[in-house]
Amino acid sequence: MERIILLVVSIFWLNSLFAQTTHHEAVTGTAALYQSGTLTHDVPGSPIPRGYYILLDDGKDKILDASIGIVRTTAAINKQLEFQVFINFIDDNGIIQASSDIKTFTESDFSAPNGTSTSSGLKTSYLRISNTINRAGRLVVTYRVRNSAGTWSDDFYNEADAIQVVVKKVTQFSGPDKICTEGTYTIINPGTVTIENATNIATLTKINDNTYKITRIGGTSNYGVVTLKSVINGITYSKSITIGERYYINGYDAIGYDGLTYSFYVVSGQHGTTYSWNISGLPVDATIEDADQPLVKIKMPIWRRGNPTGGTIIMNLSINGPCGTYGVSKQITYGTVSGGGGGGGGGGGPIIKQPDLP
């Protein structure tokens, strides 16, 4: 939600007003005060000067939160005038595209009824601009006046105080962040659309002006993160998309006869549904835990006489994931020194060879 503070300053020629002549003759001008940050600022090289409202064409409704009020002359005090104030969004063709709710100001809304030129309190009004409105125009503070005889004026505003509305097209992507074979993407304000980092991984196909398809190429071993990119009015928008899956086993590359438990786990961009470990080459008395989980543990024995001084453990893992079945493997050496490489949990450090046991 964006917030604007609007202060309408109205000066009345009271003789004309109370004589029931046209209410337009009673108005000499208006002014508006806007909260800093709502409108554009001076940016070097920007084609939009300070004091314009930027309407983002991004497929979303906009709600402007405005605080509005009236300033009257001292001659208007105790004249039982009633004011209605609201905001209109008028497009460049002069058509009102949206209006805020109306706020009414009566004698009781002025903080100093016996003072000089006095201001009313501020009231909050909301202007909703539909996501279907993507045209330039202006915001105008519109108001009408009812005199003590109960006659309402026409709606009027000061064109000089209007805030120009500039439309800025914003690209919006709608589609999956990860795909196995293909994915369809809807793009609002697509501009020039390309795909990057996709060599031998994926292709891009245009279906229509706002719809594109990314298709994975190659086998299940092809994996990558591609970038769907749109350039419009010199501004680049992008979306990262993961193609396929990638798995590997994280853990120590070397372990030893130390009686400790070592953990090895699967690292992946997407979780698998089933895990099947096949571990061979274990020394005598070594045990395996959690062989059907993404984390498996090997508990090593303490070395005894007659055990081999070292060897190689081979871990093979079959994973059923969202994109199919994958196989990964890892080799671990064991012996009198552990804790080598690979990271991961579960023990490590120098191994003290135990005395020969009978």
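Quick notes on this one:
- Residue in segment 222-241 that is over 26 Å from the mean Cα position of the chain (by Cα) and part of a strand (DSSP E or B) present: no
- Residue within segment 99-121 that is of a type in the set (Phe, Trp, Tyr), surrounded by fewer than 17 Cβ atoms within 10 Å (Cβ to Cβ) and either modelled with pLDDT of 90 or more or not in a helix (DSSP H, G or I) (or both) present: no
- Listed by position, the strands (runs of 3 or more DSSP E) contained in segment 279-335 that have at least 3 residues being crowded, with 16+ Cβ neighbours inside 10 Å, hydroxyl-bearing (Ser, Thr, Tyr) and in contact with a Cys (Cβ under 9 Å, 6 or more places away or on another chain) form an empty set.
- Close pairs (6 angstrom Cβ cut-off, 6 or more residues apart or separate chains): open to solvent by 10 Å² or more (accessible area, probe 1.4 Å) in segment 48-73, among the aliphatic types (A, V, I, L, M) and at pLDDT below 70 anywhere: 51/39; 63/1; 65/1; 71/9
- Residues that are in a strand (DSSP E or B) and under 18 Å from the mean Cα position of the chain (by Cα), drawn from segment 171-188: 172, 173, 174, 178, 185, 186, 187, 188
- Of the residues examined, residue 193 is not one that is open to solvent by 40 Å² or more (accessible area, probe 1.4 Å), among the aliphatic types (A, V, I, L, M), in contact with a strand residue (DSSP E or B) (Cβ under 6 Å, 6 or more places away or on another chain) and more than 30 Å from residue 317 (Cβ to Cβ).
- Residue list for segment 74-98, restricted to those being open to solvent by 40 Å² or more (accessible area, probe 1.4 Å) and at pLDDT 85 or above: 92, 93, 94, 95, 96, 97
- Check on residue 161, more than 27 Å from the chain's Cα centre (by Cα) and exposed (fewer than 14 other Cβ atoms within 10 Å of the Cβ): no
- Residues (within 22 Å of the chain's Cα centre (by Cα) and open to solvent by less than 30 Å² (accessible area, probe 1.4 Å)) located in segment 126-158: 129, 133
- Test: residue in segment 211-227 that is in contact with a Leu (Cβ under 7 Å, 6 or more places away or on another chain), at pLDDT 95 or above and under 12 Å from residue 244 (Cβ atoms): yes
- Exactly one residue out of 244, 340 is at pLDDT below 90, closer than 30 Å to residue 211 by Cα and open to solvent by less than 40 Å² (accessible area, probe 1.4 Å): that is 244.
- Candidate set from segment 135-176 (those that are more than 26 Å from residue 91 (Cβ to Cβ) and of a type in the set (Ser, Thr, Tyr)); member that is modelled with the lowest pLDDT: 148
- Extreme residue, nearest to the chain's Cα centre (by Cα), among residues of segment 196-217 that are surrounded by fewer than 18 Cβ atoms within 10 Å (Cβ to Cβ) and of a type in the set (A, V, I, L, M, F, W, C): 204
- First in segment 170-184 and within 12 Å of residue 240 (Cβ to Cβ), second anywhere and open to solvent by 70 Å² or more (accessible area, probe 1.4 Å) and of a type in the set (Ser, Thr, Tyr), Cβ under 8 Å, 6 or more apart: 175/184; 177/240
- Within segment 242-273, the residues that satisfy the criterion of being under 30 Å from residue 174 (Cα atoms) and in a strand (DSSP E or B) are 242, 243, 247, 267, 268.
- Residue within segment 189-203 that is assigned to a loop (DSSP other than H, G, I, E, B), hydrophobic (A, V, I, L, M, F, W, C) and modelled with pLDDT of 90 or more present: yes
- Residue within segment 248-258 that is open to solvent by 20 Å² or more (accessible area, probe 1.4 Å) and under 22 Å from residue 218 (Cβ atoms) present: yes
The values are calculated or read from the model by the stated rules, or taken from the named source; none is laboratory data. Please read these numbers as outputs of a predicted model, since none were measured by experiment. Here the Cβ is made from the backbone with ideal geometry for all residues, glycine too, and neighbour counts use every protein chain on show. Only protein heavy atoms, including side chains, enter the accessible area calculation; ligands, DNA and RNA are left aside. Shrake-Rupley method; radii C 1.70, N 1.55, O 1.52, S 1.80 Å.
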